[in-house]
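To start, the structure under review is shown below, and the notes come after it.
The values are calculated or read from the model by the stated rules, or taken from the named source; none is laboratory data. Please read these numbers as outputs of a predicted model, since none were measured by experiment. For neighbour counting, all protein chains shown are included, and Cβ atoms are generated from backbone atoms with ideal geometry for every residue, glycine included.
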Amino acid sequence: MYQRFIIVASAANLLFPSGSFAADQLAAVVVTATRQETRANEVIADVTVIDREAIEQAGPTTLPELLSRQPGLHVVNNGGQGKSSSVFLRGTGSGHTLLLVDGVPFGSATTGGPTLQNLPLSQIERIEILRGPASSLYGSDAIGGVIQVFTRRGEGPARVNAYAGIGSDNTREAQAGVSGSSGPLSYSFGASRLTTDGFSVAADPVRYLAANFSVPNADRDGYRNTSYSGRVVYKLADGQEVGATLLEATSRNMFDRGGVLVDAYNNDKTRVFGAHLRNRINARWTSTLRWGLSEDNSSSFDPAHSQFATTQTQWTWQNDVRLSVGSLMLAAENLDQSVTSTTNYAIKKRTVRSLIAGYQGSIGAHSWQTALRRDENSQFGGHTTSSLGYGYRFAAEWQAHIASGTAFKAPSFNQLYYPGFGNVNLKPEEARNLEAGLNWERDGHRVSLTWFDNRITNLIAGSPAVNIGKARITGSSLAYGIVRRAWIADAGLDLMRPVDDTNGNRLQRRPAEMLKLALTYTPGIWKTGGEITAIGRRYDTTTQGRAMGGYAVANLFAAWEFDKSWMLEGRINNLFDRVYENAWSYAVPDRQVFVGLRYAPK
């Protein structure tokens, strides 16, 4: 399997290099890697930016599906759009990736993982993916990395945008919005509606019954989502502004549980509020005060009613100071988490208070980035995490870097208290990562090679949950990218060894090989291209049981800009109608066809 991947990747590097490292990506400004605005090619980290154009190109799809096409990420979905999804970043667990929405932590404190499936792509401006431990900047959960979603924003004259599309399984999507700016005020407002009849989630009824303890229903398991977003920023004076953001989505997700005659479903509601006040104290010092509130509410009817709701409230005061050499970041945070549920949890609240310091800069060929964070958790006491990265540009086109970092994750409320599963004696997971990389770039080309070694102690696994001791994830990532005339292409290869160090078993659901390819051709008013995702063999249990074979999936897309404001779009997912599993016993979509019409004045 390794040899096949290497041969394919070598050819892909010549024909389909990485659009994620295209010239516009190199010039992109990112925030997540340092908590400060920094050019993507100046950070000592493995970062990907997915902009609005790439999101629109993805068609009527979901955030988990879009992320599954990115290097270093493996996404497991329990049966199509709107179903429970888990992300495995650089081979770490489903709860080891921190999800932020406009800087606000978002996810479930009961499951301990990010809630991806309900966030609407139609309301997202861009996505930043930071690979590697980031607890020194963001605290608990960031053992594998951070995914940050930024809602849409406005500038310039008022513009209306709209989209309507239809596709397989009676999938329908409609969205509309308005954005712009007037004097000191900028704004963006949008709404969208997505519905699909879906398909039966049970790939194999016998295996589904064994895995989920419920009889599968042969009917379609549909999904619908209604979302709203808004952003308003008012410039009080030069260097002074106040702003607020909102993202809300409500959905109904059908699933199988309890018997063939039972129509089980979840009603989910997610909401993220944010507000900020930014003040430039002087030419060197900028102070930003942020408040954020995120809510993740899931009510299940199967046919009994159950509810799990998480509320997270965060205050952050961050100070960015520009020094004669480099820049300094000092911040204080307070995070309150609370759980409301029909399940009786022994403890339903916790508070985390944090102090963070970061420093980045460069002199000549030398660059550096370092951070130190102290978290005081009301349940688990104090944790100190740190990171240090050094880069050396030994030639105009070449840069080498080395970095180390520590991270931790506090156990979730389910892992601690859920009946029959929880264990009140669990300890926080802790990680130590070392990585090294080599980058080459010239004339819009870039080659990136990264090696990493992430060692996790007190890893939580099993049912009931236990600390299994030690896990070790070693691997390397290779990418090569280019933009040439009308061609944009992208290739990424990840080879990993994610194992339980106590017995050598492969960690649950982690592939050892992943290959992601994409190619786009834009001759004038046309755009066309395709994507290939190849995933290696995995196991669905911690004891290497329920083996799932490797698979490759190809997608095609095309768009015709028949007027300066109008575009006709089409997409085919799973072009060759592959049958495979990314979660044992759960079906995946067969060949899917979508067409849509977009109005977006330039």
Could you check, for region 154-176, whether at least one of its residues is of a type in the set (Val, Ile, Thr) and within 17 Å of Tyr234 (Cα to Cα)?
no
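Can you tell which of Glu435, Glu429 is under 22 Å from the mean Cα position of the chain (by Cα), closer than 30 Å to Ser306 by Cβ and either surrounded by fewer than 24 Cβ atoms within 10 Å (Cβ to Cβ) or not small (Gly, Ala, Ser) (or both)?
Within the list Glu435, Glu429, the selection yields Glu429.
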Select, from Asp490, Asp501, the only residue that is at pLDDT below 95 and surrounded by fewer than 22 Cβ atoms within 10 Å (Cβ to Cβ).
Asp501
Given the residues Gly481, Gly420, which is the only one that is exposed (fewer than 15 other Cβ atoms within 10 Å of the Cβ), small (Gly, Ala, Ser) and either touching a helix residue (DSSP H, G or I) at 6+ places or on another chain (Cβ under 9 Å) or not in a strand (DSSP E or B) (or both)?
Gly420
Would you kindly identify the strands (runs of 3 or more DSSP E) lying entirely within region 149-251 that contain at least 1 residues that are touching a Leu at 6+ places or on another chain (Cβ under 8 Å)?
159-167, 171-182, 221-237
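Answer yes or no as to whether Lys527 is closer than 26 Å to Ser477 by Cβ, part of a strand (DSSP E or B) and in contact (Cβ under 8 Å) with a residue 60 or more places away in the chain.
On the way: closer than 26 Å to Ser477 by Cβ: no; part of a strand (DSSP E or B): yes; in contact (Cβ under 8 Å) with a residue 60 or more places away in the chain: yes.
In short, no.
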In region 578-591, anything modelled with pLDDT of 95 or more and either surrounded by 15 or more Cβ atoms within 10 Å (Cβ to Cβ) or among the acidic types (Asp, Glu) (or both) is listed as none
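Every residue, every condition in (1) touching an Asp or Glu at 6+ places or on another chain (Cβ under 6 Å); (2) in contact (Cβ under 8 Å) with a residue 60 or more places away in the chain; (3) not small (Gly, Ala, Ser), yes or no:
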position	(1), (2), (3)
Ser404	no, no, no
Pro419	no, yes, yes
Gly422	no, no, no
Glu429	no, yes, yes
Ala436	no, no, no
Gly462	no, yes, no
Between residues in region 439-451 that are at pLDDT below 90 and residues that are among the β-branched types (Val, Ile, Thr) and surrounded by 17 or more Cβ atoms within 10 Å (Cβ to Cβ), which pairs lie under 7 Å by C-beta distance while being six or more apart or on different chains?
Gly444/Ile482; Gly444/Val483; His445/Ile482
Somewhere in region 45-56, is a residue part of a helix (DSSP H, G or I) and basic (Lys, Arg)?
yes
Does region 477-490 include one or more residues that are closer than 21 Å to Ile50 by Cα, without any contact (Cβ under 8 Å) to a residue 12 or more places away in the chain and out of contact with any Asp or Glu (no Cβ under 9 Å at 6 or more places or on another chain)?
yes
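Name the residue that is modelled with the lowest pLDDT, counting only residues in region 399-421 that are small (Gly, Ala, Ser) and more than 24 Å from Ser387 (Cα to Cα).
Residues of region 399-421 small (Gly, Ala, Ser): 400, 403-405, 407, 410, 412, 420.
Next, only the ones that are more than 24 Å from Ser387 (Cα to Cα) stay: 412, 420.
Values: Ser412: 93, Gly420: 86.
Result: Gly420.
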